[in-house]
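Enquirer: Before I ask anything, let me first share the structure, which is written out below as structure tokens.
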Amino acid sequence: MKILLVEDSDMVAKGLIYSLEQNGYDVIHKTTEKETINFLKENSVNLVILDISLPDGNGFNIYENIIKEKKIPTVFLTAKDEEDDIVRGLECGADDYVTKPFSTRELIARINKVLVKESKNSIITVSDIKFDLDKMIVYKNEKEIIFSSLELKILNLLFTNLNKVVTREEIIYKIWEWTGNDVYDNTVTVYLKRIREKLSSNIISTIKGIGYRIDEK
């Protein structure tokens, strides 16, 4: 997943870039309105983190002149907590906003929420596997693969966390949450084995001692 960070403060940008990259995102950093618009004219990204106050303009201009047309999910950053700025950002179509100073952990949680919401309106394709998240149907080379309800939920968890490791503990907790049954570590191994056999594909990577990950190809 590619994220465009538009932020003129080097100190803020460095911290965000480090945290985002640690969470599996590719980050492109721009500091002005002009270079951001020039970049977006020629490139595509999955999400924009957009500071409102920039040296040569403001984030609203960038959003209204190019981001909105391209329909790129956007989270506004602002040093102001004035109601007018917040309302303007949301009314012009931004997905969320965060007021400085902010918790990096909170921002990443908001980014993940926006991206998951966006992905649920589309079909995610990795290699020869296609997952329609709205219909909860998986295809291999356009032929539907039949999974149990629980197998589909585990796959959904992996697909909505592309490029990120989903830990075995997370999967255990989710299975317990979905079923109400006690779950053991070996249960996860069994389910992943079944899922891989049905997929007949190597898109799920095992991160030894941690969990599982599906990467965009």
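Enquirer: For the cross-link pairs Lys34/Lys68; Lys70/Lys130; Lys71/Lys143, which exceed 20 Å when the distance is taken from alpha carbon to alpha carbon? Walk me through the numbers on the way to the answer.
Expert: Details: Lys34/Lys68 16 Å; Lys70/Lys130 24 Å; Lys71/Lys143 30 Å.
Violating the 20 Å Cα-Cα cut-off are Lys70/Lys130; Lys71/Lys143.
Enquirer: Write down the percent of antiparallel bridges among all DSSP beta bridges whose residues are both part of the chain, to the nearest 5.
Expert: Details: 19 of 36 bridges.
About 55 percent, rounded to the nearest 5.
Enquirer: Then there's this: Excluding the sites themselves, what is the longest stretch of the chain that contains no GluC sites (Glu not before Pro) in a DSSP loop with at most 11 other C-beta atoms within 10 Å?
Expert: Details: sites that count: Glu82, Glu142.
That gives 1-81 as the longest site-free run.
Enquirer: Turning to a different aspect of this structure: With runs of 4+ DSSP H residues as the only contributors, calculate the mean residue ellipticity of the chain at 222 nm using -39,500 (n - 2.57) per run, divided by the residue total and rounded to the nearest 500. Please report the intermediate quantities before stating the final value.
Expert: Numbers: 8 runs with 90 residues, N = 217.
That calculation yields -12500 deg cm²/dmol at 222 nm.
Enquirer: While we're here: Would you pull out the residues with amide H under 5 Å of Asp215's amide H, same chain only if 5 or more places away, H placed 1.01 Å from N?
Expert: Residues meeting the criterion, in which the H sits 1.01 Å from N, are Asn163, Ser205.
Enquirer: Between Asp8 and Asn43, what length in nm is gained on full extension when 0.36 nm per residue of separation is reduced by their alpha carbon distance?
Expert: Details: separation 35, 0.36 × 35 = 12.60 nm, distance 2.01 nm.
Here the segment from Asp8 to Asn43 would lengthen by 10.6 nm.
Enquirer: Take the Cβ-Cβ distance between Glu144 and Ile28 as r, set R0 to 41 Å, and report the resulting FRET efficiency rounded to the nearest 0.05. Spell out each step's value before the answer.
Expert: Working: r = 37 Å, r/R0 = 0.90.
Result of the calculation: an efficiency of 0.65.
Enquirer: Test of understanding: in a Gaussian network model of the chain with alpha carbons linked when under 10 Å, which of Asn181, Asn61, Asn163 would top the mean-square fluctuation ranking?
Expert: Residue with maximal mean-square fluctuation among Asn181, Asn61, Asn163: Asn181.
Enquirer: Within the range 22-79, list the trypsin sites (Lys or Arg not before Pro) lying in a DSSP loop whose Cβ has at most 12 other Cβ atoms in a 10 Å radius.
Expert: Details: sites: Lys30, Lys34, Lys41, Lys68, Lys70, Lys71; in loops: Lys71.
Of the trypsin sites (Lys or Arg not before Pro), the ones in loops of the range 22-79 whose Cβ has at most 12 other Cβ atoms within 10 Å are Lys71.
Enquirer: For the chain, which whole percent of the accessible surface, found with a 1.4 angstrom probe, sits on carbon and sulfur atoms?
Expert: On the way: 5520 of 11880 Å².
That fraction is 46 percent.
Enquirer: Pop a pseudo-label 7 angstrom from the Cα along the beta-carbon direction at both Ser200 and Met136 and give the gap in nm to one decimal.
Expert: 2.5
Enquirer: Are there any chymotrypsin sites (Phe, Trp or Tyr not before Pro) in the range 170-217 that are in a DSSP loop and have at most 14 other Cβ atoms within 10 Å? List them by number.
Expert: Numbers: sites: Tyr173, Trp176, Trp178, Tyr184, Tyr191, Tyr212; in loops: Tyr184.
Taking the range 170-217 and a limit of 14 other Cβ atoms within 10 Å, the loop chymotrypsin sites (Phe, Trp or Tyr not before Pro) found are Tyr184.
The values are calculated or read from the model by the stated rules, or taken from the named source; none is laboratory data. Just so it is clear, the model here is predicted, and its values are computed rather than measured. No Cβ is skipped: glycine too gets one built from the backbone with ideal geometry, and neighbour counts run over all protein chains shown. Calculation scope for accessible area: heavy atoms of the full protein, side chains included, ligands and nucleic acids excluded. Shrake-Rupley method; radii C 1.70, N 1.55, O 1.52, S 1.80 Å.
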